[in-house]
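The values are calculated or read from the model by the stated rules, or taken from the named source; none is laboratory data. On a predicted model such as this, the values are computed, not experimentally measured, just so you know. Heads up, the Cβs are rebuilt from the backbone with ideal geometry, glycines too, and the neighbour counts pull from every protein chain shown.
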Amino acid sequence: MSDKVHDLIAAEGLPDSYTEVVANHWQPLATRIARLPAARAPLVIGINGAQGSGKSTACKFLELLLARRQVRAITLSLDDLYLTKAKRQTLAQEVHPLFATRGVPGTHAVGLGLGLIEDMLAGRPLELPRFDKATDDRAPETFTITGPVDVLLLEGWCVGAKPQDAAALAAPINDLERDEDPDGIWRNLVNHWLTQDYARLFDQIDLLVMLKVEGFDAVRRNRALQEEKLRAANPDATQTMDDAALERFCAHYERLTRHMLEEMPARADVVIPIGPDQNPLDPVKD
């Protein structure tokens, strides 16, 4: 394993044994991506995974491993396309109060994502946005990309999601939907947006990879760990959540997460089961 891989493992605070994860999972996946026919540049690789499934970590290693193959990859997180806090507040006032909370389809600037892909295809310089979860708002700084991009790693919890059948939306799935969306307006709009701009964005994907957690209980557990890390890294942050707030936050994601866990494995190009330790379980098959 190269020094750069070991350096990244150390920078991410991962155990030395993570070299096995790199060797058994991310190297084969990088090889598969590098071997894809280059019908256009960039190729778009969708990395789907519920909160805490390791999407960001996987993308960092894929960028490094692809660079060793002279393939330039950059990562765009769906999180970084979130609408600003002010725009979500406007959406909440004019459409439905639940859209104040980031996460579900309808709370992203999808047109911005499509424009970034268009700029990459044209070889134009571009500014990647960044979202600051500690302040629950888009960060003022951006990340400048110049020169050609071979691979775009588009990662996010609902990347590649398909809408549910209308009949499945009738009954609330949790207390949040029952108490705060009794008429189904919010969940029907979320589903509708998946048929619109989100479908156009996800149609750009050339290879869909699913990091599949065991179930929604794993999402709650992993998201709690993320919040602990966020509080530790940002002790003065005003937008971190206590247990009750976190449970309510996760409830916004529950319907679509359960839907994806049920239907996406049958159509994803690569499915990587994720264990309780947030590491992959089985080697990727070429």
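Structural remarks
- Within the stretch 123-143, the set of residues being over 20 Å from ALA41 (Cα atoms) and in contact (Cβ under 8 Å) with a residue 24 or more places away in the chain comprises PRO129, ARG130, PHE131, LYS133, ALA134, THR135, ASP136, ASP137, ARG138.
- Within the stretch 57-78, being of a type in the set (S, T, N, Q) and touching a residue at least 40 places away in the same chain (Cβ under 8 Å) holds for THR57, THR75, SER77.
A quick yes/no check of all residues on (1) crowded, with 16+ Cβ neighbours inside 10 Å; (2) closer than 16 Å to PRO97 by Cβ; (3) free of Cβ contacts under 8 Å to residues at least 12 places away in the same chain; (4) of a type in the set (D, E, K, R):
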{"site": "CYS158", "(1), (2), (3), (4)": "yes, no, no, no"}
{"site": "ASP175", "(1), (2), (3), (4)": "no, yes, no, yes"}
{"site": "LEU189", "(1), (2), (3), (4)": "yes, yes, no, no"}
{"site": "GLN196", "(1), (2), (3), (4)": "no, no, yes, no"}
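- Pick from the stretch 230-260, criterion at pLDDT 65 or above and of a type in the set (Lys, Arg), ranking: surrounded by the fewest Cβ atoms within 10 Å (Cβ to Cβ): ARG248
- In summary, LYS162 fulfils each of the numbered conditions (1) within 25 Å of ALA38 (Cβ to Cβ); (2) out of contact with any Phe, Trp or Tyr (no Cβ under 6 Å at 6 or more places or on another chain); (3) in a loop (DSSP other than H, G, I, E, B) with the single exception of condition (1).
- Residues in the stretch 129-151 that are touching a helix residue (DSSP H, G or I) at 6+ places or on another chain (Cβ under 7 Å) and aliphatic (A, V, I, L, M): ALA134, VAL149, VAL151.
- Residues of the stretch 55-111 satisfying the condition of being among the aromatic types (Phe, Trp, Tyr) and part of a helix (DSSP H, G or I): PHE61, PHE99
- Lone qualifier among LEU29, LEU8 - being of a type outside the set (Gly, Ala, Ser), in contact with a helix residue (DSSP H, G or I) (Cβ under 7 Å, 6 or more places away or on another chain), under 22 Å from LEU208 (Cβ atoms) and not in a strand (DSSP E or B): LEU29
- Screening GLU94 with (1) of a type in the set (Asp, Glu); (2) under 17 Å from the mean Cα position of the chain (by Cα); (3) farther than 17 Å from PRO42 by Cβ gives one miss only, at (2).
- Against the conditions (1) in contact with a strand residue (DSSP E or B) (Cβ under 8 Å, 6 or more places away or on another chain); (2) in contact (Cβ under 8 Å) with a residue 40 or more places away in the chain, ALA109 satisfies every one except (2).
- Out of ALA171, ALA161, one residue alone is small (Gly, Ala, Ser) and under 25 Å from ASP269 (Cα atoms). It is ALA161.
- Count of the stretch 135-156 residues which are crowded, with 17+ Cβ neighbours inside 10 Å and assigned to a loop (DSSP other than H, G, I, E, B): 3
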